[in-house]
Each structure stands twice: as structure tokens, then as C-alpha cells.
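Heads up, the thing below is written out as C-alpha cells.
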Amino acid sequence: MADTAGEPGLSIDGSTSMDPRHAVLFEPLRVGPKTLPNRFYQVPHASGFGSSRPLTHAAFRGIKAEGGWGGVNVDYAPVSSDADETPAVASDCWDQEGMTALGLVVEAIHAHGSLAGIELNHGGAYAPNGESRHARIAPSQIGSFSLRGSLAKEMTLHDIRRVQKDFVRAAQRARDVGFDIVYLYGAHGYLVTQFLSPITNRRSDEYGGSLRNRARFQIETLQMMREAVGEDCAIATRVSADGGDELKGIEIDEMLEVISLVDPHVDLFDVNVGGWPQDSGTSRYFPEGSQQPWTSRVREATAKPIVGVGRFTNPDVMAAIVRSGKLDLIGAARPAIADPFLPTKIREGRLDEIRECTGSNLCILREETFNQVGCLQNATAGEEYRRGWHPEIFVRPADPSPAILVIGGGPAGMECAMVLGRRGYEAVHLVEQDPELGGKLKWTRKLPTLGDWGRVVDHRVIGLAKLKNVEVVLGRRLSTADVLNYGADLIVVATGSHWVTDGSQPGMLEPIAGYESALTPEQIMAGKRPPMGRVVVYDTDHYYVGPGIAELLAGEGYETHLVSTAPIISPVSDETLEGDMLRRHLRKLGVIFHTNVNVLGFDKTDVWGETEYGEEWNLAADGVVLVTQQVSEDSLFRDLTSNVEALTAAGISAVYCTGDAQAPQMPSEAVFAGHRLAREIDTEDPSFPLPWLRENGGTSRHDPRPRQPNP
């Protein structure tokens with residue numbers, strides 16, 4: 001395989017023919033004083049980098065521009081110190097220091113001919129102000145959904161004028177560092193939305209009451225921004241076309257009127273629906289294009305360009321929407337994270353190479369929890385600067401001759417083998433004991449609502465099939481002797497993990513009494529069932545498996561009780577923005593919840609345990625499914641590494657363990673682990689990750705381009 005370093009976007013098999021139906025997606029579009037080169041638009045979204053890690057941020061956004069996104073926006077950008085998002089990370093622009101740091105990001109976007117945008121924002125009552133410790137402000141004195149027991153002060157006219165001037169000064173600073181598109185953020189429940197909604201705006205002056213009065217803050221601020229920078233920058237505003245279930249008081253008919261009112265001052269409308277959980281709805285509950293019933297109506301109110309989102313990955317759908325005139329631009333956040341080169345692959349006719357977004361929202365979990373965006377599909381997301389990883393460039397090793405055997409075809413093994421192949425190792429074998437690839441994702445995708453997670457498997461099956469230097473062997477279980485006799489130079493063990501059968505769990509490693517009669521998730525998905533009647537699914541994992549098994553059994557007619565040690569069912573799902581929807585969905589299906597319960601034992605008729613207060617708890621049940629914790633399938637790795645002499649005699653220079661075989665984690669981390677090992681397998685100690693580049697903020701003018709990997 002040729003060295004692909006320096007050749008981003010080249011097809012594995014050399015195909016470069018665009019379907020003519022998709023040509024409309026590559027037509028330029030005039031937006032105010034600027035021209036977008038095509039119809040692919042990465043909308044503003046958080047990354048965890050903001051202005052505090054400008055080099056990481058620059059590489060993260062720059063790779064999207066390189067991949068063909070015609071417009072690339074940074075994170076939301078607070079304009080005032082009382083819009084402080086700490087502990088969240090944002091593109092702070094209330095002073096010159098933060099904006100200068102963002103100049104690095106602009107340079108990285110412009111380097112590939114794309115337009116750079118910034119979404120100026122004030123959170124109002126929802127600004128945490130964790131660092132500034134300012135009192136929150138809002139149109140009226142209201143509380144925050146996330147900041148319990150703390151109310152915002154009602155804004156005075158002086159406050160309104162000050163914040164409007166802050167927006168103008170931030171817009172001017174953005175223009176001066178080179179931003180092409182400057183937003184007024186008017187969606188997702190932040191300050192502008194708080195003015196618009198009669199639920200949160202109870203004022204009786206000229207900024208409250210009638211719709212025109214409630215829209216006055218947005219109209220005036222946009223007018224002031226246009227007067228300040230409108231000759232140099234396109235002016236955009238993000239609006240919620242309808243509030244859905246989460247933004248009370250924001251309704252489509254009124255919002256169309258608002259759009260008409262602000263239209264003279266706007267060059268681009270960025271429209272969405274609902275609060276963040278609906279706007280970034282997971283694939284479990286929101287299909288591709290789910291916002292179209294609302295956003296398609298925005299054309300009734302404006303002739304200006306419109307961008308909308310909907311987790312679009314199908315180019316036929318994208319092209320049809322643009323041709324219809326309902327949207328002028330295909331907006332994306334998560335699909336652009338999953339595949340920064342999605343536009344290039346469409347242009348070159350490489351549709352089967354697109355890493356389609358799974359809609360798992362693990363990118364959001366990582367950004368919100370760790371201030372470090374990641375992705376289930378794309379292990380390089382967020383690692384472009386830190387580790388020098390490019391999603392389409394794989395540096396050829398100095399010595400491509402070692403034969404590498406990867407054992408296990410789950411997420412880690414598939415990813416590892418594919419990256420080794422794309423790097424150019426001459427002989428890579430991926431051996432999987434089952435008749436098909438996928439590991440735990442083979443049955444995960446069969447759980448109710450989780451079908452799109454199978455895209456992780458599909459992408460890698462297709463990619464592996466195209467690599468002539470990778471051989472996939474299915475239906476073969478390798479023993480230690482088989483491995484020693486295989487003829488490989490390097491061994492990668494990616495044999496995955498399984499759910500424990502004895503009910504041991506974090507904080508309680510002893511088996512649960514009566515565990516012998518229980519079933520595990522793998523057994524359920526293999527077709528085994530408890531006796532028909534009442535079944536208890538005991539969940540101490542707190543994510544998707546317990547609820548998925550409960551939904552499956554409820555759909556088959558079982559009286560299903562989901563028992564959790566957590567205060568709520570599936571708290572991890574709150575971090576992926578789907579917790580409330582998941583719990584409502586399960587309740588509608590008849591699943592009964594028991595929380596803060598620690599199961600201690602069961603027999604064929606009863607389950608017993610204790611509550612968080614040490615009180616006895618029991619429930620009659622006909623069967624139990626244990627979703628407590630996983631354990632690594634690492635016996636092969638242990639056997640191999642325990643006999644160095646046998647390895648030496650077999651000509652095996654090293655054995656590595658990756659993915660769940662090393663430590664069970666979320667699927668995104670298994671993909672990352674396999675990718676990392678393949679990138680670094682020719683370094684001094686591949687078993688331990690190379691150090692990554694760190695930055696502490698500031699405005700140092702280092703080269704923001706991704707560094708070459710694998711020194």
C-alpha cells in the first residue's frame with residue numbers, strides 16, 4: 001500500500017466520481033458580504049477547547065475546513081463576564097485576550113478556503129458564572145434549570161444597554177481577528193430566548209408583553225451589530241423555530257413573525273427546534289431530518305439563506321432538501337465530528353467510506369464531562385493537535401514487514417486492524433471466533449432503538465474489505481498454541497469482555513446469592529429467556545444495556561421491573577441528553593422502576609435487597625437478568641505473556657492487549673484504544689500511550705496545523 005502521508009481524502013480504491021445528483025451541494029452561496037464555497041456548514045457546537053486551548057481548537061476546526069465544510073464555526077462565545085460558562089469551556093470573547101486566542105482558529109479555517117463563524121452569546125439566567133461569581137441576569141427574576149436555589153436578577157434598562165454594547169464590542173473584536181460570520185445566539189433557552197418567551201419574560205415595559213416588545217432586545221442588538229460590522233461580516237442569528245417540549249412559550253407561528261421582524265438585519269438564519277436534548281436528539285428517538293416539519297416552514301418568513309440540522313448523513317437527502325429550497329445549507333455538528341471529510345467523500349463519490357454519525361451523543365458526554373470532545377465513530381476527533389492524528393492520513397511505518405495478528409473482531413480489533421492496514425503494514429490478519437465481525441456491537445445494534453450504533457461495525461467491515469493487505473478470518477477461535485504457530489511477528493489481543501454471571505458489581509465484589517439461576521445480557525441476546533411472567537433486570541451499569549434489555553423483554557410481554565442502585569434509571573444517559581426521554585419511553589412501555597436499591601439475593605420466586613437507607617426491600621419475581629459489571633476476556637493474553645520463551649521460539653517479538661480485553665469501557669473508548677495502539681505500534685513502548693501535547697491557554701502563536709503522527 002502506498003504511503004498516504006500528505007494525501008488526505010484519497011480513496012482506498014482510487015474512485016473519484018461524484019454522483020451528479022449531489023452537485024447542488026457544491027454550489028457557492030452568497031451570505032451578506034461573504035460567499036460560502038459550498039452548502040456544507042459546520043454549525044456552532046461545543047468542543048471543550050474554546051479560547052483556553054486555541055491550538056487544540058484550531059486543529060479541530062481546521063480539519064473540518066480541510067475536509068470540505070464551507071463554513072466552520074467555533075464554540076458559543078460569551079460576550080460579558082456575567083455570561084461566564086465556567087465550569088464549561090467556551091470561546092470567551094468579552095476581552096481581547098480570549099479573542100486573540102481565537103484568531104489561531106480563524107487562521108486554521110481560512111487556510112483551507114472556508115469561512116469562519118462565531119456565535120456570540122449571553123446565557124442570561126442559565127449562565128453558571130462559576131468563575132466570575134456575578135449575579136445572573138434575565139428579563140425577569142427566574143431560576144435556572146441547572147442551578148438550583150439561585151435566581152437571576154431582573155435586568156434594568158441599564159443592564160440591557162450594557163449587554164447590547166457587549167455584543168457589539170465582541171462583534172468588532174471578532175471582525176478584527178478575521179471572523180467572517182458573526183452570530184447573535186437566539187436559541188436553546190439562553191438570554192434572547194428568555195426575552196422571547198412569555199413564560200420567562202414577565203416584564204411590563206417596552207421589552208415585555210407583546211411579541212414585538214419581547215423581540216425588541218433581539219431586533220435592537222442585531223441592528224447594532226449590523227451597523228458596527230455588517231459591511232465586513234455576515235450577520236447571523238440562531239433561532240428555535242419551535243420550542244418543542246423544552247422551551248415553553250416558543251411556538252412556530254410566533255417565531256415566524258419574529259424572523260420577519262429581524263429579517264432586515266440578518267444575512268443568515270440558523271434554525272433548530274427545542275432545547276439541546278431535542279436539537280441534538282439521539283438516534284434512539286430522533287431519525288435523520290427530524291426537525292424538518294418545523295424548520296421547513298422558515299422559508300415562509302424570509303428569503304435569506306437558511307441553515308438547519310438533523311444529523312444528516314445521506315447525501316441524497318441533503319441534495320433533495322437544498323433543491324427544495326427549504327434549506328440553503330446543510331448544517332451539522334455531530335456528523336462533522338464523525339467524519340470531517342464527509343463533503344470531500346461526497347464530491348469524490350466515496351459514499352461507502354463516510355463514517356456516518358451514530359447519534360449516540362458520546363461526543364456530548366465527553367465534551368460535557370471531560371471538556372474533551374470525542375466520538376464513537378472517529379477516534380481522531382479532538383486528537384488532531386494533541387496526538388497529531390489526521391482522520392485520513394496514516395503515516396507509513398519505517399519497517400512495514402512485520403506480520404501482525406489481531407485477535408478479536410469487536411470495536412477495538414476492527415479499528416486496530418483497519419488502521420494498521422491503512423498505515424501500510426504488509427500482512428495484517430484479523431481473526432474473529434464468531435461468523436461475523438462486531439463483538440458486543442453485534443447484539444447491541446439489535447436492542448430496541450439502538451440500530452444506528454451498528455454503523456460502527458458497518459463502516460469497518462467495508463473499510464477492511466477494501467484493504468488488500470488485511471485478511472479477515474471469521475469463525476476461528478485461536479488457542480495459545482494456535483497463536484504461537486500462526487507465524488505472526490506481533491500479536492494484538494482484542495478479545496473483548498463479557499458480563500459477569502454472579503452479580504458482582506462496583507463496590508460489592510461478592511457474588512449475589514442465587515446468581516446461578518439468573519441470565520446475562522449476552523444470554524438474553526442469544527435467545528435465552530426467563531420464565532414468562534415478572535422479570536427483574538438488575539442494573540448497576542447505569543447506561544444503555546439495562547434499559548435496552550428491559551425494553552426488549554417488556555416488548556415481548558414480560559412484566560418488567562428495572563432495578564437500579566442509582567437514584568434514577570440510567571444516569572449516564574443524562575450525559576448524552578437522552579435520560580428524560582429514555583425514562584419516559586420505558587414508562588410508556590410499562591417498565592416499572594425501582595431506584596436506590598441494592599439487590600442482595602434471589603431465588604425462583606423472590607428478589608430481596610436493601611434501600612439506600614438500609615431498609616429491607618423485596619419483590620416477587622419469576623426471573624432475573626444481571627447487568628452489573630463486565631470482566632475482560634484476557635486469558636489468551638495472560639497465557640501468551642506468561643511464557644516469554646515460547647514467544648521467542650515462535651518468533652513473536654511482542655504481544656499487546658487493547659480495548660475491553662484490557663479494561664471494559666464505553667464502545668467509544670474501545671475504538672479509541674484500538675486506534676491508538678495501531679498508530680503507535682512501532683514506537684518504543686506501544687503498550688503505554690505516547691504523551692500528548694498540552695496547552696494552558698494563552699495566545700502563543702504556534703503552528704495550529706496537525707502535527708505529523710508517530711515520530
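The values are calculated or read from the model by the stated rules, or taken from the named source; none is laboratory data. The model shown is predicted, which means the values in this text are computed figures rather than measured ones. Cβ placement follows ideal geometry from the backbone for every residue including glycine, while neighbour counts extend to all protein chains displayed.
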From Val271, Val262, residue being farther than 24 Å from Ala320 by Cβ, among the β-branched types (Val, Ile, Thr), modelled with pLDDT of 95 or more and in the same structural domain as Ser91 (by TED's automatic domain parsing): Val262
Residues satisfying the stated conditions in the range 314-336, i.e. over 17 Å from Val24 (Cβ atoms) and either at pLDDT below 95 or of a type in the set (A, V, I, L, M, F, W, C) (or both): Ala333, Ala336
Residues that are assigned to a helix (DSSP H, G or I) and hydroxyl-bearing (Ser, Thr, Tyr), drawn from the range 63-105: Ser81, Thr100
Qualifying positions in the range 585-629 - of a type outside the set (Val, Ile, Thr), within 37 Å of the chain's Cα centre (by Cα) and not in a strand (DSSP E or B): His585, Leu586, Arg587, Lys588, Leu589, Gly590, Asn596, Glu612, Tyr613, Gln629
Conditions (1) over 27 Å from Ile160 (Cα atoms); (2) surrounded by fewer than 24 Cβ atoms within 10 Å (Cβ to Cβ); (3) touching a Phe, Trp or Tyr at 6+ places or on another chain (Cβ under 7 Å); number of the one not met by Asp245: (3)
Residue among Ser564, Ser570 that is polar (S, T, N, Q), over 25 Å from the mean Cα position of the chain (by Cα), modelled with pLDDT of 95 or more and assigned by TED's automatic domain parsing to the domain that holds Ala621: Ser564
Those residues of the range 634-668 which are buried (at least 21 other Cβ atoms within 10 Å of the Cβ) and assigned to a helix (DSSP H, G or I), in sequence order: Leu636, Phe637, Leu640, Gly659, Asp660, Ala661, Pro667, Ser668
Number of the exception - Thr369 against (1) under 30 Å from Ala46 (Cβ atoms); (2) at pLDDT 95 or above; (3) of a type in the set (Val, Ile, Thr): (2)
The range 437-452 residues that are under 15 Å from Pro667 (Cα atoms), paired with ones that are charged (D, E, K, R) and modelled with pLDDT of 95 or more (beta carbon under 6 Å, 6 or more apart): Gly451/Arg445
Residues of the range 106-135 classified as surrounded by 24 or more Cβ atoms within 10 Å (Cβ to Cβ) and part of a loop (DSSP other than H, G, I, E, B), total: 4
Filtered residues of the range 394-412 (kept if of a type outside the set (D, E, K, R), touching a Gly at 6+ places or on another chain (Cβ under 8 Å) and either surrounded by fewer than 17 Cβ atoms within 10 Å (Cβ to Cβ) or more than 21 Å from Glu669 (Cα to Cα) (or both)): Pro397, Pro400, Ala403
Only listed residue being assigned to a loop (DSSP other than H, G, I, E, B), of a type in the set (Val, Ile, Thr), modelled with pLDDT of 95 or more and over 19 Å from the mean Cα position of the chain (by Cα), chosen from Ile393, Ile404: Ile393
Filtered residues of the range 561-604 (kept if of a type in the set (D, E, K, R) and closer than 26 Å to Tyr515 by Cβ): Asp603, Lys604
Failed item, numbered, when Pro139 is tested on (1) more than 30 Å from Leu36 (Cα to Cα); (2) crowded, with 20+ Cβ neighbours inside 10 Å; (3) under 28 Å from the mean Cα position of the chain (by Cα): (3)
Helices (runs of 4 or more DSSP H) contained entirely in the range 409-520, each with at least 2 residues that are modelled with pLDDT of 95 or more and either within 30 Å of Ser283 (Cα to Cα) or basic (Lys, Arg) (or both): 411-423, 441-444, 455-465
Qualifying residue in the range 339-358 (condition: outside the structural domain of Gly68 (by TED's automatic domain parsing), within 17 Å of His675 (Cα to Cα) and over 12 Å from the mean Cα position of the chain (by Cα)): no
